[in-house]
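Enquirer: Dropping a structure here in structure tokens format, bear with me for questions.
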Amino acid sequence: MTATAAAPAIVDTLLAKGKDRTALFGVVGLGYVGLPLAMELVRAGYRVLGVDVNPRVVESLNAGRSHIQDVPAATVGAAVQAKKFSATADLSRLKEPDVISISVPTPLSKTKDPDVSYVLAATESVKRALRKGQLVVLESTTYPGTTRELMLPALESTGLKVGEDFFLAFSPERVDPGNERFNTRNTPKVVGGITPNCLKVALALYQPAIDTLVPVSSPEAAELVKILENTFRSVNIGLVNEMAIVCDKLGVDVWEVIDAAATKPFGFMKFTPGPGVGGHCIPLDPHYLAWKMRTLNYKTRFIELAGELNAEMPEFWVAKVVDALNEQGKAVRASRVMLLGVAYKKNIDDIRESPALDVIRLLQHRGAQVSYHDPHVPVLKDDAIALNSVALTPETLRAADCVMIITDHDAVDYPAVKRHARATVDTRHVLSRERKAERT
């Protein structure tokens, strides 16, 4: 049988395995993206082999515990008990799955260039195990061209041909930690395949686990979709952050302006200012595109300016702390500053790229004694920062010369903050929201 004759048979076999849920999924990287995906695949009836290089993660998951806030331990435990899910650190087992989903980190280097070393390492592991009849899907956010330019040559170097012997696609993760409305299952999933067969197979195998699939013409289109989504957010957050600075200089309440503008039923989308941007997407994704465009001799001026504005916000708010201390006749040096919230967004435990980290460094550099309270982050360690969350009590609030609200977690007693704090700097407008709620 020729290779071209064998291709339909391989495609049909994978389509059948998707239809009757007999396909074995392999998920490489069991973090914020991979573990929720693995559990949705189990819910759909698939068996899942989770692969992670961290032996502690593997051991914990096989014991039915979860290290991801959005995935209950009971869900993992039930999947393990039903023998629908198991985890391993043995990369040679990647020959077993019919589908390999790669969800590994794609950080930036110190020079803001994409660090695709994790993707390359995962690709190398897949290459060593690659066999006929496997679908490989990259889900990690990355610059346009990664799937075709980096992964495809490596996988085809095995002698297997894409679209005939194996299948390759890109489908960007759209995880929003802490979002109680949208999750992996009900968030539409974009898919782009190297060939039409690649797209056909990927759609068929993901369909049982995902409510809505959105096919696009190529992996490059799918890669750019994710970057556009988060660049859109970065640019608009940059705009309102600059508006916060403008309003501050004009003596106008930026929140009042935004709320009033938001009453327009068309042509305006509400974004709010804050201490900066954090997480695994907004601070990083625009840089992937900016880097790619620099290789093509184009400067993404608008995108880079938004990134600069967002990066300057910790300094803006630290200056507000300096002002609040000056009003008490205190210098920053030796003053006690308590931060409320260090996670990058409310009601989660994720500190990746959190603006709180920059705020702490800036305050410590000025000689302040920094403490923090965060009900979701009991211990904070990042480079030279090593702090433990303190209890939020009348005594700890009164002991602080200034209380700075960075993350507006719901589980914080804001009325107590208003009653007991000597001075407050509210980057999230939460105290004013509390006052409005009290009046209504």
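Enquirer: Filter segment 127-141 down to the residues that are of a type outside the set (Ser, Thr, Tyr) and under 24 Å from the mean Cα position of the chain (by Cα), then identify the one that is nearest to ALA311 (Cα to Cα).
Expert: GLU139
Enquirer: Let me ask another. Applying the selection to segment 184-205, what residues are in contact with a Lys or Arg (Cβ under 8 Å, 6 or more places away or on another chain), in contact (Cβ under 8 Å) with a residue 40 or more places away in the chain and within 21 Å of ALA7 (Cβ to Cβ)?
Expert: ILE194, ALA204, LEU205
Enquirer: Now for a different question. Listed residues GLY77, GLY29, GLY34, GLY50; which is within 25 Å of ARG185 (Cβ to Cβ) and over 21 Å from the mean Cα position of the chain (by Cα)?
Expert: GLY77
Enquirer: Could you tell me whether SER171 is modelled with pLDDT of 95 or more and more than 21 Å from LYS200 (Cβ to Cβ)?
Expert: Spelling it out, it is not the case that SER171 is modelled with pLDDT of 95 or more and more than 21 Å from LYS200 (Cβ to Cβ).
Enquirer: What strands (runs of 3 or more DSSP E) completely inside segment 326-440 contain at least 3 residues that are modelled with pLDDT of 95 or more and in contact with a Leu (Cβ under 7 Å, 6 or more places away or on another chain)?
Expert: 369-373, 402-405
Enquirer: Hey, another quick one. Of the residues VAL377, VAL277, VAL370, VAL342, which is buried (at least 18 other Cβ atoms within 10 Å of the Cβ), in contact with a Phe, Trp or Tyr (Cβ under 6 Å, 6 or more places away or on another chain) and β-branched (Val, Ile, Thr)?
Expert: Exactly one residue qualifies, and that residue is VAL342.
Enquirer: If I filter segment 256-275 for residues that are under 20 Å from the mean Cα position of the chain (by Cα) and among the acidic types (Asp, Glu), do I get at least one hit? Quick ask: steps written out before the conclusion?
Expert: Of the residues in segment 256-275, the ones under 20 Å from the mean Cα position of the chain (by Cα) are 271-275.
Then drop every residue that is not among the acidic types (Asp, Glu), which leaves none.
Checking segment 256-275: not a single residue is under 20 Å from the mean Cα position of the chain (by Cα) and among the acidic types (Asp, Glu).
Enquirer: Shifting gears a bit: Please specify each residue of segment 126-141 satisfying the condition of being touching a Leu at 6+ places or on another chain (Cβ under 9 Å) and closer than 19 Å to ARG174 by Cα.
Expert: The answer is VAL136, VAL137, LEU138, GLU139, THR141.
Enquirer: Scan (1) of a type in the set (Lys, Arg); (2) farther than 20 Å from GLY29 by Cβ; (3) in contact (Cβ under 8 Å) with a residue 24 or more places away in the chain for the single condition ARG174 breaks and write down its number.
Expert: Single failed check for ARG174: (2).
Enquirer: Let me ask you something else. Regarding PHE166, is this residue free of Cβ contacts under 8 Å to residues at least 60 places away in the same chain, closer than 20 Å to LEU24 by Cβ and touching a Leu at 6+ places or on another chain (Cβ under 6 Å)? First the steps, then the outcome.
Expert: On the way: free of Cβ contacts under 8 Å to residues at least 60 places away in the same chain: yes; closer than 20 Å to LEU24 by Cβ: yes; touching a Leu at 6+ places or on another chain (Cβ under 6 Å): yes.
Yes, satisfied.
Enquirer: With the condition being surrounded by fewer than 16 Cβ atoms within 10 Å (Cβ to Cβ), I'd like the helices (runs of 4 or more DSSP H) fully within segment 28-129 carrying at least 3 qualifying residues.
Expert: Result: 55-62, 73-81, 117-129.
Enquirer: Residue check, ARG181 against (1) touching a residue at least 24 places away in the same chain (Cβ under 8 Å); (2) farther than 14 Å from ALA202 by Cα; (3) of a type in the set (D, E, K, R), all met but one. Which one?
Expert: So the condition that ARG181 fails would be (1).
Enquirer: When only residues in segment 156-190 that are within 27 Å of the chain's Cα centre (by Cα) and among the hydrophobic types (A, V, I, L, M, F, W, C) count, which is nearest to LYS226 (Cα to Cα)?
Expert: Going through the qualifying residues, I end up with VAL190.
Enquirer: Can you tell me which residues in segment 139-161 are within 17 Å of SER218 (Cα to Cα) and either without any contact (Cβ under 8 Å) to a residue 40 or more places away in the chain or not assigned by TED's automatic domain parsing to the domain that holds ASN197 (or both)?
Expert: Applying the first criterion (within 17 Å of SER218 (Cα to Cα)) to segment 139-161 yields 139-153.
Answer for segment 139-161, where residues must be within 17 Å of SER218 (Cα to Cα) and either without any contact (Cβ under 8 Å) to a residue 40 or more places away in the chain or not assigned by TED's automatic domain parsing to the domain that holds ASN197 (or both): GLU149, LEU150, MET151, PRO153.
Enquirer: Can you list residue pairs whose Cβ atoms sit under 6 Å apart, with the first residue in segment 407-422 being under 18 Å from VAL342 (Cα atoms) and touching a residue at least 24 places away in the same chain (Cβ under 8 Å) and the second being aliphatic (A, V, I, L, M) and part of a loop (DSSP other than H, G, I, E, B)? Count only pairs 6 or more apart in sequence or on different chains.
Expert: Here the result reads THR407/ALA343, each pair linking segment 407-422 to a residue that is aliphatic (A, V, I, L, M) and part of a loop (DSSP other than H, G, I, E, B).
Enquirer: OK, next. Just to be sure before I move on: is ASN62 assigned by TED's automatic domain parsing to the domain that holds VAL104 and under 22 Å from the mean Cα position of the chain (by Cα) in the structure I sent? First the steps, then the outcome.
Expert: Working: assigned by TED's automatic domain parsing to the domain that holds VAL104: yes; under 22 Å from the mean Cα position of the chain (by Cα): no.
Against the criterion (assigned by TED's automatic domain parsing to the domain that holds VAL104 and under 22 Å from the mean Cα position of the chain (by Cα)), ASN62 does not qualify.
Enquirer: Pairs only if they're at least six apart or on different chains, beta carbon under 9 angstrom, first in segment 16-42 and under 22 Å from GLU124 (Cα atoms), second part of a helix (DSSP H, G or I) and hydroxyl-bearing (Ser, Thr, Tyr); list them, first residue then second.
Expert: VAL28/SER125; GLY29/TYR118
Enquirer: Is there a residue being surrounded by 19 or more Cβ atoms within 10 Å (Cβ to Cβ), of a type outside the set (Asp, Glu) and out of contact with any helix residue (DSSP H, G or I) (no Cβ under 7 Å at 6 or more places or on another chain) anywhere in segment 132-147?
Expert: Yes, because at least one residue in segment 132-147 is surrounded by 19 or more Cβ atoms within 10 Å (Cβ to Cβ), of a type outside the set (Asp, Glu) and out of contact with any helix residue (DSSP H, G or I) (no Cβ under 7 Å at 6 or more places or on another chain).
The values are calculated or read from the model by the stated rules, or taken from the named source; none is laboratory data. No experiment lies behind these values; they were computed from the predicted model shown. Here the Cβ is made from the backbone with ideal geometry for all residues, glycine too, and neighbour counts use every protein chain on show.
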